[in-house]
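Visitor: Just dropping this structure here.
No lab work stands behind these numbers, since they all come straight from the coordinates. Treat the numbers as computed from the prediction; the structure is a model and nothing was measured. Cβ sites come from the backbone with ideal geometry, for glycine too, and all protein chains shown count toward neighbours.
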Amino acid sequence: GQQLNQSPQSMFIQEGEDVSMNCTSSSIFNTWLWYKQDPGEGPVLLIALYKAGELTSNGRLTAQFGITRKDSFLNISASIPSDVGIYFCAGLPYNNNDMRFGAGTRLTVKP
Amino acid sequence: SQTIHQWPATLVQPVGSPLSLECTVEGTSNPNLYWYRQAAGRGLQLLFYSVGIGQISSEVPQNLSASRPQDRQFILSSKKLLLSDSGFYLCAWSSGTEAFFGQGTRLTVV
């Protein structure tokens, strides 16, 4: 099945800094999803993207669906301590069945 | 609104014992259903997905099996657990445009 390459694997930043992470794939996806997972919890959906080139915001979070439909990025502006967690990208292909995830980006925010 | 229930939240089982984890979805019909496993500090490994009752696709040959006896019920099972089956198991459902997760089951095989 399709594999997603998510980077960076981990980030250590100061509170107030901006964060950027991305996902790339060798295959085309119809939908890109971004999740955040807190320890011991299931991932929570942050942003969903449905069209190539689409740029969507959710508060301090902004995500974009790449023009080639093979990549997506997530930006977090002015990070705060509660942004700590693991962020996952996910792709849904045309047949909508084989949902794949990136390996995650572990974010640490130092106050 | 749609909700997903997964239980139990934690489970400690001896090696060689059977396993049954259940996941149910409310508020939607004919969802795609998924079971993932997550090792500590790692990503999500797709184990099984289902597009309908009785339809199961297996991603990784292993000691586990899945069944979908009803439209909104997805069960993960094992006849004999191995130590390597320990992990965090997550159920998810998808409408095709979004996907949502249960709270997960922390399984420890001892």
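Visitor: If a residue has to be closer than 21 Å to B:R42 by Cβ and surrounded by 13 or more Cβ atoms within 10 Å (Cβ to Cβ) to count, how many in the range A:11-31 make the cut?
Guide: Number satisfying all stated conditions: 7.
Visitor: Now, a different point. Please determine, by comparing only the residues of the range B:1-34 that are among the β-branched types (V, I, T) and touching a residue at least 60 places away in the same chain (Cβ under 8 Å), which one is nearest to B:G54 (Cα to Cα).
Guide: The qualifying residue nearest to B:G54 (Cα to Cα) is B:V25.
Visitor: Continuing with the same structure: Among the residues of the range B:55-69, is any out of contact with any Ser or Thr (no Cβ under 9 Å at 6 or more places or on another chain), within 26 Å of B:Q2 (Cβ to Cβ) and within 14 Å of chain A (Cβ to nearest Cβ)?
Guide: Yes - at least one qualifying residue is present in the range B:55-69.
Visitor: Can you report the number of residues in the range B:89-109 which are more than 8 Å from every other protein chain (Cβ to nearest Cβ), among the hydrophobic types (A, V, I, L, M, F, W, C), more than 16 Å from B:S1 (Cβ to Cβ) and out of contact with any Asp or Glu (no Cβ under 7 Å at 6 or more places or on another chain)?
Guide: Qualifying residue count, the range B:89-109: 1.
Visitor: On the given criteria, is A:V84 under 16 Å from A:E17 (Cα atoms), surrounded by fewer than 17 Cβ atoms within 10 Å (Cβ to Cβ) and either out of contact with any helix residue (DSSP H, G or I) (no Cβ under 6 Å at 6 or more places or on another chain) or not aliphatic (A, V, I, L, M) (or both)?
Guide: The answer is yes for A:V84.
Let's see how each residue does on (1) crowded, with 19+ Cβ neighbours inside 10 Å; (2) assigned to a loop (DSSP other than H, G, I, E, B); (3) under 10 Å from the mean Cα position of the chain (by Cα):
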position: B:L46; (1), (2), (3): yes, no, yes
position: B:S50; (1), (2), (3): yes, no, no
position: B:S57; (1), (2), (3): no, no, no
position: B:S67; (1), (2), (3): no, no, yes
position: B:F74; (1), (2), (3): yes, no, yes
position: B:W93; (1), (2), (3): yes, no, no
position: B:F100; (1), (2), (3): yes, no, no
position: B:R106; (1), (2), (3): no, no, no
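Visitor: Here is a follow-up. Where in the range A:6-111 are there strands (runs of 3 or more DSSP E), lying fully within it, with 2 or more residues that are without any contact (Cβ under 8 Å) to a residue 40 or more places away in the chain and β-branched (V, I, T)?
Guide: A:44-49
Visitor: Among the residues of the range B:6-31, write down those that are out of contact with any Leu (no Cβ under 9 Å at 6 or more places or on another chain), over 16 Å from B:S77 (Cα atoms) and surrounded by 14 or more Cβ atoms within 10 Å (Cβ to Cβ).
Guide: Correct list: B:T28, B:P31.
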